1. Residue 68 passes all but one of (1) free of Cβ contacts under 8 Å to residues at least 40 places away in the same chain; (2) surrounded by 14 or more Cβ atoms within 10 Å (Cβ to Cβ); (3) β-branched (Val, Ile, Thr); which number fails?
2. What residue, of 194, 240, 200, 205, is surrounded by 20 or more Cβ atoms within 10 Å (Cβ to Cβ) and over 30 Å from residue 15 (Cα atoms)?
3. Only residues in region 397-410 that are within 11 Å of residue 241 (Cα to Cα) count as the first member; pair them with residues that are polar (S, T, N, Q), Cβ under 8 angstrom, at least 6 apart or cross-chain, and list the lot.
4. Residues in region 148-180 that are of a type outside the set (Val, Ile, Thr), open to solvent by less than 70 Å² (accessible area, probe 1.4 Å) and in a helix (DSSP H, G or I): how many?
5. Return the only residue of 360, 335, 324 being assigned to a helix (DSSP H, G or I), under 30 Å from residue 232 (Cα atoms) and at pLDDT 85 or above.
6. So if I check each of 354, 346, 372, 376, which one is under 16 Å from residue 257 (Cα atoms) and either in contact (Cβ under 8 Å) with a residue 12 or more places away in the chain or part of a helix (DSSP H, G or I) (or both)?
7. Restricting to region 386-413, what's the tally of residues that are surrounded by 20 or more Cβ atoms within 10 Å (Cβ to Cβ) and part of a helix (DSSP H, G or I)?
8. Out of all the residues in region 122-133, is one or more open to solvent by 50 Å² or more (accessible area, probe 1.4 Å), of a type in the set (Lys, Arg) and at pLDDT below 80?
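The values are calculated or read from the model by the stated rules, or taken from the named source; none is laboratory data. Here the structure is a predicted model, which is why all the values come from computation and not from measurement. Positions of Cβ are backbone-derived with ideal geometry, glycine not excepted, and every protein chain shown enters the neighbour counts. For the accessible areas, the whole protein counts, side chains as well, though only heavy atoms, and no ligand, DNA or RNA atoms are used. Shrake-Rupley method; radii C 1.70, N 1.55, O 1.52, S 1.80 Å.
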Amino acid sequence: MSATILIAILLIIAAFAYQTGRQRAFAVAGNKRSVLHSLPVYHGSFMLVWVLLPAIAVLGIWTAIQSTVVDFLVLDQLGPAYADLSLSDRNITLAEIHNLASGDFNMDQAAPEIAAAAELHNHLSALGRWLSTAVVLGLAAAGFTLARRQIGTRFRARQQVERVVDVLMLACSVIAILTTIGIVLSLLFEALRFFVRVPFYEFLFGLQWSPQTALRADQVGSSGAFGAIPLFAGTLLISFIAMMVAVPIGLFAAIYMAEFADRRTRSIAKPVLEVLAGVPTVVYGFFAALTVAPVFRGWGDAVGLDVSSESALAAGMVMGIMIIPFVSSLSDDVINAVPQSLRDGAYGLGATKAETVTQIILPAALPGIVGAILLAVSRAIGETMIVVMAAGLAANLTANPLEAVTTVTVQITTLLVGDQEFDSAKTLSVFALGLVLFIVTLCLNVVALKIVQKYRERYE
């Protein structure tokens, strides 16, 4: 039985257990809910937990290790000729066995021992599936029986269920933390391998980025230049242009919606503005490359300026439009969080609405607004698709927004596209770029969260 069907059966049994637990609770209480220590819903949830969680846990562990155990047993049966295989030969042999077992290749064209191993693989896999089905359904039945016996008028079902929920939430938190630590360690490990080949100071302070290297010793090619300053400069230039668009428009839109718009206008304007956040970035990229960039080039030709077909200005402008909802929505929330007593006090002293906004509300909401802007900056630094389509791939060290530039994220994408030699400095450089990008965005997020926390402590 496949894992999907088995999980579906478990869910049906769990639903039945939930109803059974509720009905059992009513039955032992004589339909008087007041004599029960916990509500019937907790008794039903208690039975659901005992039926579902142990079975799902065992099924997950079984599924994770079954393939490894089957492969070990199959290779062990191949005989002494396959006993001392290297790791790569072992993987090739296993791949051939898997292909034969799945029916992709004809058994008649394979070596007899490999064909026998494929048949053994199918047999052991089927046996494992049936054993896992029996064990999992047996656990579910045992959990159903044991949990049903526990139900009584004084049974503390709510505490039991809440304890399980606490453990589940703790497990989810640990998974998220371990995932983050794993990502950081993988970046750090590969980045250190890159810095063995390229000096740290040359990467951070070099002025030329040309990561093309010769793949063979006898090949004529570039030795590569890994100075990342042009990439950092391009990232900062496009992010700066984007924030010049997003901050004023988003902030003024937030002030209008929070302080000047009537309820009907606000109920229409805010959802429409937030629709921009749901547009895929590739659509923004099309808009920048096919509409905005040609318009800027035409305007430049009209006034005698040389505007590149792919420019930082076009990419930054469209990226700023994309970020407007981040600034406007978060700023609108923090402006609305300013206590009404501050507004009433200002009006009581004779201040106009404009004076109240500029001298009372905005200073009070400033920490939250700064936090929103820093989060938007993090979003701009990590954007890739718009820059790929509208700003180009040239690693130019320039402050001219009319020229083509590139960013860190674009280079990471470009270097990992196509066939690559993973141990080359060219490929490993993406991990160094990713590590720097991670540190920068992490610092921005930490600063933004600190500012937002300070704001909350003041007004909540």
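1. All conditions pass for residue 68, except number (2).
2. 194
3. Partner pairs satisfying both residue conditions: 401/311.
4. Summing the residues that are of a type outside the set (Val, Ile, Thr), open to solvent by less than 70 Å² (accessible area, probe 1.4 Å) and in a helix (DSSP H, G or I) in region 148-180 gives 6.
5. None of the other options fit; the residue is 324.
6. When all the criteria are applied, what remains is 354.
7. 9
8. Taking region 122-133 and keeping what is open to solvent by 50 Å² or more (accessible area, probe 1.4 Å), we get 122-123, 127, 129-131.
Next, from what is left, pick out any that are of a type in the set (Lys, Arg): 129.
Next cut, at pLDDT below 80 only: none.
No: region 122-133 contains no residue that is open to solvent by 50 Å² or more (accessible area, probe 1.4 Å), of a type in the set (Lys, Arg) and at pLDDT below 80.
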